[in-house]
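The values are calculated or read from the model by the stated rules, or taken from the named source; none is laboratory data. Just so you know, these numbers come straight off a predicted model, no measurement behind them. Every residue, glycine among them, receives a Cβ derived from its backbone with ideal geometry; neighbour counts consider all protein chains shown.
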2 protein chains.
Amino acid sequence: MVKATIYRSALIAMALAAQASVAMGDGSAEYSHAPSYTSDGRLNPPADYREWVFLSSGLDMSYNEKAMASSQPVFDNVFVNPEAYRAFLKTGTWPDKTQFVLEVRSSSAKGSINHRGHFQSGAITGMEVHVKDTSRFQGGWAFFGIDGQSPAKQIPLTQACYSCHSAHGAVDTTFVQFYPTLLPIAQQHVTLSTAYMKDEAQAANTVH
Amino acid sequence: MVKATIYRSALIAMALAAQASVAMGDGSAEYSHAPSYTSDGRLNPPADYREWVFLSSGLDMSYNEKAMASSQPVFDNVFVNPEAYRAFLKTGTWPDKTQFVLEVRSSSAKGSINHRGHFQSGAITGMEVHVKDTSRFQGGWAFFGIDGQSPAKQIPLTQACYSCHSAHGAVDTTFVQFYPTLLPIAQQHVTLSTAYMKDEAQAANTVH
């Protein structure tokens, strides 16, 4: 709960800072979407990701075959910086300096006038950034767990996020298969990964 | 299915048009977020709403007390034009010319490497726009059901969306109670509606 409150305060501060940046109106805000790092290589958390382009959300998703439904399911919202999104529309893949933000947010079932299903409610329970910076990271991409306030250390390459994204990501180690506006673009540009095509072929064979 | 295909083609065309508009780089794109109408008062569907600010999503939500869980639940994604979002951060309420887009999208449970919960998949199954234009609409706001392509007629004032938003909307007839980044801003600015405060007080009394 304390953690959730920190997230929330940090986000309000970040939103106001982002607003100030945009208000400059001199185009400089455009550059603030590139990843920035401290001198010792930690990632500064993106300030205004809630104004970036939303790619999709899921509820209670798990990649574990044996996962049981959660009694307190969470939503995951994915945002990408606008320049990267526009480049993807043109090319079907991600340019250097792409940043994804994954925001995990708690849900409520009953509340206000809602009586069915789930909606997103107060607290953020986790955040992660996936950054493409080819001159900096082995394999081109890196993951960072962030708290919305402090610079974050890179998640070690030995962690499962790297191998799983690499083995199953539809485009350039990213899960474009879960982004319904982008999957058709990747199909048009023939940028789907061999790994993903293999997964899909296998799934199709299983069905028959 | 035909309808879904039309939605998808329309959206790709809209995304590319929006991209062209942004690429002009002369600031004119900023103005394209204001509502525009045909000479006979139909609303032109917003071209680039997927690049607007995402407010929240829900899964299988219903305001009907007797609704049963759906076997094919849908996600609803809500976007607002960026100028309105930034104004809300400053003031806790919506400026004139605010446009919300509600996008209803089908979900999948199993797919790719997902084994639990739901993610958003291919088709859009419905879209609605909520527009604030005080010199044009009785009560200040109007709803339009859109198909993403054609200009849309206003939904008649007798429809339930108007009375329900008016009776339960947390801020200025909008459901800010479901937008977790904005609810605290409205609380800070003391812009919550009397109707919403009454609903909340009643709910609190029911619990005790």
For this session: Select from the stretch B:143-195 the residues that are in a loop (DSSP other than H, G, I, E, B) and touching a Cys at 6+ places or on another chain (Cβ under 8 Å) and list them in ascending order.
Result: B:Ile155
Exercise. Regarding A:Thr206, is this residue over 24 Å from A:Val80 (Cα atoms), out of contact with any helix residue (DSSP H, G or I) (no Cβ under 9 Å at 6 or more places or on another chain) and polar (S, T, N, Q)?
Worked result: yes
For this session: Could you grab me the full set of residues in the stretch A:108-124 that are in contact with an Asp or Glu (Cβ under 9 Å, 6 or more places away or on another chain) and farther than 19 Å from B:Met68 by Cβ?
Result: A:Ser112, A:Ile124
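Collect the residues in the stretch A:114-127 that are facing chain B (nearest Cβ under 7 Å) and of a type in the set (Ser, Thr, Tyr), keeping them in residue-number order.
Result: A:Ser121, single match.
Say whether the condition of being in contact (Cβ under 8 Å) with a residue 12 or more places away in the chain and in a strand (DSSP E or B) is met by at least one residue in the stretch A:83-99.
Yes, the stretch A:83-99 has at least one match.
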Problem set entry | Within the stretch B:45-82, considering residues that are more than 22 Å from A:Leu102 (Cβ to Cβ), touching a residue at least 60 places away in the same chain (Cβ under 8 Å) and more than 7 Å from chain A (Cβ to nearest Cβ), the one surrounded by the fewest Cβ atoms within 10 Å (Cβ to Cβ) | B:Pro45
Problem set entry | Selection within the stretch B:171-182 - within 8 Å of chain A (Cβ to nearest Cβ) and of a type outside the set (Phe, Trp, Tyr) | B:Gln177, B:Pro180, B:Thr181
Exercise. Would you say B:Pro184 is modelled with pLDDT of 95 or more, more than 18 Å from the chain's Cα centre (by Cα) and at negative phi?
Worked result: yes
For this session: Would you mind stating whether B:Ser36 is out of contact with any Asp or Glu (no Cβ under 8 Å at 6 or more places or on another chain) and either modelled with pLDDT of 95 or more or at the interface with chain A (Cβ under 10 Å from one of its Cβ atoms) (or both)?
Result: yes
Exercise. Restricting to the stretch A:86-131, what's the tally of residues that are under 21 Å from A:Val190 (Cα atoms) and crowded, with 23+ Cβ neighbours inside 10 Å?
Worked result: 3
Problem set entry | Looking only at the stretch B:126-141, and only at residues there that are without any contact (Cβ under 8 Å) to a residue 60 or more places away in the chain and not in a loop (DSSP other than H, G, I, E, B), the one that is nearest to B:Asp96 (Cα to Cα) | B:Lys132
For this session: Output the qualifying pairs, or none if there are none: Cβ atoms under 7 angstrom, residues six or more apart or on different chains, first residue in the stretch B:100-113 and within 9 Å of chain A (Cβ to nearest Cβ), second residue surrounded by fewer than 17 Cβ atoms within 10 Å (Cβ to Cβ) and aromatic (Phe, Trp, Tyr).
Result: B:Ile113/A:Tyr63
For this session: Tell me, yes or no, whether the stretch A:128-135 has at least one residue that is under 13 Å from the mean Cα position of the chain (by Cα) and farther than 15 Å from A:Leu43 by Cβ.
Result: no
For this session: Test B:Pro151 against the criterion of being within 11 Å of chain A (Cβ to nearest Cβ), modelled with pLDDT of 95 or more and surrounded by 15 or more Cβ atoms within 10 Å (Cβ to Cβ), and give yes or no.
Result: no
